[in-house]
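**Student:** Below is the structure I would like to discuss, written out as structure tokens.
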Amino acid sequence: MRERILAPSILAADFTKLGEQIKEVEEAGAKYLHFDVMDGMFVPSISFGMPVLQSIRKVSDMVYDVHLMIEKPERYIDIFAKYGADIITVHVETIENQEILKKIKSLGVKVGLSLNPETPIETVYPYLEYVDMVLVMTVHPGFGGQKYIDDCTDKVAALFAEIQSRNLEVDIEVDGGISMETIHKPLNAGANVIVAGSAVFTDTPFESAKMLLERIKQ
């Protein structure tokens, strides 16, 4: 059985306490740290980039899970790898073929491929042999605090079945609207990496992460 992993998203963190909050979620048992990189073009919002990753890489030994919600991601994969990304995820909507996935792998980091809620899950199937993880967006990317889109659960289930049918070792990550009330939906459908932002980075990140981890491990 694949390990179930919590990936707190720093998009929801208090940046005046970022280093402290990262340590809290790591001490709670979270193994991944999720970075939502937005360019204001592929998605409406602008978030953060390489300097943030570089500055906090020394704070933690967690797996740094970098999600590039940007146009022409091939422009930046080298520098994100250089600054400490352990996983680099690009969107299927932004690539033309598998070459960028091969390039990411050649840099010594794991390869992720993401898709938006309106994109058919079959779009990622031709690339499954080239990736370590598929990230199913369960909200429309660009803003935190949205509600989980229930239709995306079926996409997770279909993806899990496809991965199983090919006997591949590919993780399924979900991102968006995850809370204590919704976390069971993607888990039951086959997801094993759970991104959570506002549900973790509350006034008490350690306790919040601990509670979600207990639910994940059930």
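The values are calculated or read from the model by the stated rules, or taken from the named source; none is laboratory data. These numbers come from a predicted model, not from an experiment. Here Cβ is always computed from backbone atoms with ideal geometry, including for glycine, and neighbour counts include all displayed protein chains. The accessibility values were calculated without ligands, DNA or RNA, using every heavy atom of the protein model including side chains. Shrake-Rupley method; radii C 1.70, N 1.55, O 1.52, S 1.80 Å.
**Student:** Considering only C-alpha atoms, what is the centroid distance from the range 116-138 to the range 167-196, in Å?
**Tutor:** 14
**Student:** Let me ask something else. Take Q164 and T119, extend 7 Å from each Cα along the Cα→Cβ direction, and tell me the distance between the two endpoints in nm.
**Tutor:** Reported label-point gap for Q164 and T119 is 2.5 nm.
**Student:** Also, quick follow-up: For the chain, what is the calculated [θ] at 222 nm in deg cm²/dmol (nearest 500), taking -39500 (n - 2.57) for each run of four or more DSSP H residues and dividing by its residue count?
**Tutor:** So the helix-based figure for the chain works out to -8500 deg cm²/dmol.
**Student:** Report, to one decimal in Å, the Kirkwood hydrodynamic radius for the chain based on all distinct Cα pairs.
**Tutor:** Result for the chain stands at 17.0 Å.
**Student:** If you average the C-alpha positions of the range 96-115 and of the range 19-89 separately, how far apart do those two centres end up, in angstrom?
**Tutor:** 16
**Student:** Then there's this: Return the single residue from D132, D151, D175 with maximal mean-square fluctuation; model: Gaussian network over the chain, springs between Cα atoms under 10 Å.
**Tutor:** Looking only at D132, D151, D175, the largest GNM fluctuation is found for D151.
**Student:** Please list the three semi-axes, largest first and in whole Å, of the ellipsoid equivalent to the range 1-123, using sqrt of 5 times the eigenvalues of its alpha carbon gyration tensor.
**Tutor:** 24, 16, 15
**Student:** Moving on. I'd like the Karplus ³J(HN,Hα) series for the range 123-140: coefficients 6.51, -1.76, 1.60, θ = phi - 60°, whole numbers in Hz, and an x wherever there's a Gly or Pro.
**Tutor:** So the J values, rounded to whole Hz, are 4, 8, 4, x, 9, 4, 5, 9, 10, 9, 7, 10, 9, 8, 6, 10, 9, 6.
**Student:** Tell me, what is the 1.4 Å probe accessible area of E71, in Å² to the nearest 10?
**Tutor:** 70
**Student:** At a probe radius of 1.4 Å, what is the per-residue accessible area of K105, in Å² to the nearest 10?
**Tutor:** 100
**Student:** Over the range 55-156, consider all pairs of different Cα atoms and compute the Kirkwood hydrodynamic radius from their mean reciprocal separation; express it in Å, one decimal.
**Tutor:** 14.3
**Student:** Given a 1.4 angstrom probe, I'd like the percentage of the accessible area of the chain that is carbon and sulfur, rounded to a whole number.
**Tutor:** 51
**Student:** Given labels modelled 7 Å from the Cα in the Cβ direction, how far is it in nm from E99 to M50?
**Tutor:** Using points 7 Å along Cα→Cβ, the separation is 2.1 nm.
**Student:** With charges only on Cβ, +1 for K and R and -1 for D and E, what is the dipole size of the chain about its Cα centre, in debye, rounded to 20?
**Tutor:** Magnitude of the dipole: close to 420 debye.
**Student:** Hey, what's the range 95-202 come to in accessible area per residue, 1.4 Å probe, Å²?
**Tutor:** Here the per-residue accessible area is 43 Å².
**Student:** Hey, which of these cross-link pairs are over 23 Å Cα-Cα: K72/K105; K72/K102; K82/K102; K103/K147; K103/K217; K58/K103?
**Tutor:** Listed pairs above 23 Å: K103/K147; K103/K217; K58/K103.
**Student:** Then there's this: Which whole-number percent is the relative contact order of the chain (Cα, under 8 Å, 6+ apart)?
**Tutor:** Working: 431 pairs, mean separation 50.6, N = 218.
It comes to 23 percent, rounded to a whole number.
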